[in-house]
Each structure stands twice: as structure tokens, then as C-alpha cells.
Amino acid sequence: MEHTAPIKPSAAHLKLALVVDADPEVTGALSTVLKSDEWEIVPAADNQAILKRTETRFFDLIITGAKTTGREDVDLLRKVRRIRPHVRFIILTDQSTPADVITAMREGAFSYFSKPFSASTLAEIVRIATLEPPWDDGIELVSATPEWISVIARCDQKTADRLVQFFDEMTDLPNPEKEDVSVAFREMLLNAIEHGGNFDPSQYVEVAYVRTRKMVLCRIKDPGRGFSLEEIHHAAINSPAYDPIRHVLFREAQGMRPGGYGVLMTRHLVDELVYSEKGNEVLLVKYLPPQQLPT
């Protein structure tokens, strides 16, 4: 029996990614996601080259280079938006400020990374960019200053991953406080999207981040009916000491995904975890040690 070689898609059918001067780490991350049988990666020397190419050709994805500042890339984003309003635009930069990240969100950046960043996280965000139509309405910046940021976000995990990355870039906390707040925020955001929003992309969660000299506060409100902590048998926090995995058996019986440790873990990562009476709104508070307060 004669075997026929698989037909490769022609260049005309490949999706296009425009990438600025990618370093080996970025190239490696992209190669794991943008497969050669589906994507053509077009190199660009600098931001000016990106702008010139987008004037004459449509690209599905644009990724800037880390040698430019966040402010320069945001300026490029504004110009590209006038030509290609819906292109997915990911910013990589060496120099960034919280204000740059906020402006990038306001201008419709798909995601934002400043060095040093995780190559695996970049690869995951790029993967989401290749699979997520439409994305424009996923994250809406309601109001923002470097000290107080309010957004609404669509109730799906891909949008949650993007929002966590933006918040990681906006926070100027020292470690380990930054990592604690990031993990706690992600856990509570996913809880809100899963249990309050039921992973329904037509529903939205409200998120606020407040940074003062002495503390960080995150507020998350989901669209659900709410709950009482004593009633969530699927959470580890309600498993008794003599039966610490009872929630695992409950989740299996209900056909729920593995997990249930979010509230328990969050209580160990932040100083205060406060739920509203209804249970669909939560505050995370992390106090900063005096020696780490900004001047």
C-alpha cells in the first residue's frame, strides 16, 4: 500500500506573527506554541519596522522586543490600533512602570511582560492569544491610577490568566509579599470565576486593587448568588482535622475538578480574608513590613 505524505498548508494559509528581534529565550517560548505548519513568524528589526509592515499586511499577532521601554511600546500600540484595531498585541520590555502597564491595558494590549519574566508564562499567554476569539471584551479597565485599579473581567480561565499577568506587572511589591499576593489573588479570582460565574463567558467579575504605603487590598466580586463558608463542602477549609481529605471525596462525587485548597491557602498567604454577608465578594489584605514601605 502506497502512503501519501501529508499535505502542508501553503504560506497563504498560515497565520502571521510579527516579532521584534526575539532573544533565544523568547524564540524558544514561541517555538513551543507557534508551530511551523500553522504559523509563519515574521521578524522585524524594531518598532518602526512593525508599524511599516502593519500598514501593508495583516498580522494575527504582534510581539514587541525587550530592548524598548514600556512607554515606547505603548506608543506603538496606539499607532497600530489605528490601522489594525483587533490585532493581538503583546508587549515585552526591559523598562516598565505601573503607569505603563495601566496605559497598555487601556489601549488594548493582549498582555504585558517586563524582564525578568517566565518563558513558560509567556508561552502560555501566546497560546491563549492563538486560541481566544473574540478577546476584545475580556478585560475592561474601569478606572486606574498606580494606587487604585478597577477592572471587570470575563468569567473564563484564559481571561483570568491574562488579568493575573497584568496585575503582576502593575504591582511594585517586594518579595515575598509580591508572590504571596499574586498567588492569593489568582486563587480567589479563579474561585469567583468558577463558583460565582460558572465559567460563563457572558458573566463578569469585578476586581479592584488598592496599594497604600502600609498595605495592599484586593477586592473581587462575582456575579453569583453567594455562599457561606460553612456550606462549601468541596473546600479543604471545611475538612475536619480527623478527615483532611473529605473535600476530595466530595469533589469526586460531584464530578468537580481536583482542587479545593484555594481559601485555605489564601488564608496563609494574606493577613486578612474577609467575605461579605452574601458571600460573593471577598477582600484580601496584605500588610507591608515597615522596612519595606516605599519612601
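Every number here is computed from the coordinates shown, using simple stated rules; none is lab data. Because the structure is a prediction, the values reported are computed rather than measured. Glycine also receives a Cβ, built like all others from the backbone with ideal geometry; neighbour counts cover every protein chain displayed.
Of note:
- Evaluating 6.51 cos²θ - 1.76 cosθ + 1.60 at θ = phi - 60° for every residue in region 205-220, the Karplus couplings come out as 9, 9, 10, 9, 10, 10, 10, 10, 5, 10, 7, 10, 10, 10, 10, 10 Hz, glycine and proline recorded as x.
- Chain lengthening between LEU51 and SER118 when straightened (0.36 nm per residue, less Cα-Cα): 21.4 nm
- For region 1-134, average projected area of the Cα convex hull in nm²: 9.3
- When each of GLU187, GLU55 is scored by the number of other beta-carbon atoms lying within 10 Å, the sequence from fewest to most is GLU55, GLU187.
- Protection-proxy order for peptides 265-273, 68-76, each taking the mean of Cβ atoms within 10 Å per residue, highest first: 68-76, 265-273
- Legend: ranking of residues MET215, MET170 from fewest to most surrounding C-beta atoms inside 10 Å; resulting order MET215, MET170.
- The alpha-carbon of LYS67 sits under 29 angstrom from the alpha-carbons of these lysines, leaving out residues fewer than 8 places away in its chain: LYS15, LYS35, LYS52, LYS79, LYS115, LYS158, LYS178.
- Shape annotation for region 125-229: C-alpha extents along the principal axes are 37, 37, 25 Å, from largest to smallest.
- Neighbour-count order for ARG81, ARG186, fewest beta carbons within 10 angstrom listed first: ARG81, ARG186
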